[in-house]
Amino acid sequence: MSELANSTCQPRPAYLAGEIREIRTPSMFEHVVAEGVGTKCVLRQTGVVWRAAQSVTARGLGLGAGYALIHSDFILQQLAPDDVDYELTGLRHIGPWVVFRIATRYSVDIGIDGHNLTRCVRAPEWWQSRVAAVFGQAHMLSQTPKGMCTIITWAPDAALHAAFGRFTARMRRARTWDRRRERFNGRMRRLWWPLPDESRLYTALANKQVALVGNAESLAERDYGSQIDDADIVVRCNRGVIVDVRSHGRRTDWLCTALPISRAEAERRGVSRIIWASRRRMMIRNIPSWMMASRDFYLFSRERNEELREMFGKVASTGLKALDTLARSNCRSLSVFGFDFAQSASASDPTRPMSTDHDFDAERCYALDLAARDPRLTLYR
């Protein structure tokens, strides 16, 4: 019995079943990579297929082995780590030429089972080694945007590298123009509409039970989810990743961030207020215009930013600024979760080292002293 047949007999998690189907109109990315293989036929993977791999081949797509490019588009990271090899084996059974696009950090969305849509967060080198173990070789295409990797199962030539470089440069230029448009619109709004002062922020916090959720990866080991969701206001930081509802809760009411997000993403996640934490000139230029137009937008105080910088000797982290802002309010209680001050990786991007721009030891001492002086504040380990 084959390795694939053995794998399909074992009980596996109930992933969303997918299929391999031929794409009549490939995307620009698929067209660029398919040219590197020398084929015009692209098969796109739409979900987990290891159980159906043999039936996919049996259906017959009118193609001989090796004549089609299979595009696995952000599928592998949805699997549990132990299931990755099963899926790779299923794809290898269908064909030898596969291009993988894989997310290397958590999604900002959660699945219907309460777990983050990204189950397997690994560095690009880990993914490359797993693909190579099944396909015999794996090559990473450079110039891939942050937070993902692109891996192919054949040796790329200079023409493919050049074509992929032109493709990524074109995508980068498009994103740059979008950011410049947002910056311009934001500057125009700042000229005509003054930014809301902190009084609206503190009025909304008055007599409320507040949960502040940080991004320490160690939070995933706890069961604080229901306690977080019981708060009147749930505040998250930067990308506000929810690894699992059991540990992180489900709600995101406010977001304290230095990273621009779209209005659509904020509405989808239920974010009703934005606290922009960074006072760096370059980061302020990145504030989207829709945030500037909102009456529920608050720009962290320049004066307080400098006070914290002098206190720590380095710029304060987004999480510390959120804690400081909330602690200075008249909230009834402030419960803080997911703050271990760099003892574990950041769930925002766990495959990368922690930033050296902040003094986490000094921030830890400040938070502990604040908790000792303020009975409203509880730091949950």
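The range 184-266 holds helices (runs of 4 or more DSSP H) entirely within its bounds, and those carrying 1 or more residues that are within 20 Å of LEU117 (Cβ to Cβ) map to 225-229, 245-248.
Evaluate the following for THR118: is it surrounded by 12 or more Cβ atoms within 10 Å (Cβ to Cβ), out of contact with any His (no Cβ under 6 Å at 6 or more places or on another chain) and at pLDDT below 90? No; evaluated as a whole, the condition is false for this residue. When the range 135-157 is filtered for residues that are modelled with pLDDT under 85 and either out of contact with any strand residue (DSSP E or B) (no Cβ under 7 Å at 6 or more places or on another chain) or among the acidic types (Asp, Glu) (or both), the ones remaining, listed by number, are SER142, GLN143, PRO145, LYS146. Among the residues of the range 211-229, the ones that are of a type outside the set (Lys, Arg) and surrounded by fewer than 24 Cβ atoms within 10 Å (Cβ to Cβ) come to 11 in all.
Which of the residues spanning the range 310-351 are of a type outside the set (Phe, Trp, Tyr), farther than 21 Å from ALA211 by Cβ and either without any contact (Cβ under 8 Å) to a residue 12 or more places away in the chain or in a helix (DSSP H, G or I) (or both)? The answer is GLU310, MET311.
Scanning the range 345-381 for residues that are among the hydrophobic types (A, V, I, L, M, F, W, C) and more than 25 Å from ILE261 (Cβ to Cβ) returns ALA362, CYS365, ALA367, LEU368, LEU370, ALA371, ALA372, LEU377, LEU379.
Going by what's in this entry, would ILE228 be described as under 21 Å from the mean Cα position of the chain (by Cα) and not hydroxyl-bearing (Ser, Thr, Tyr)? So ILE228 passes the test. If you go through the range 98-131 and pick out every residue that is in contact with a strand residue (DSSP E or B) (Cβ under 9 Å, 6 or more places away or on another chain) and small (Gly, Ala, Ser), you end up with 4.
The values are calculated or read from the model by the stated rules, or taken from the named source; none is laboratory data. For clarity, every value in this text was computed on a predicted model and none was experimentally measured. For neighbour counting, all protein chains shown are included, and Cβ atoms are generated from backbone atoms with ideal geometry for every residue, glycine included.
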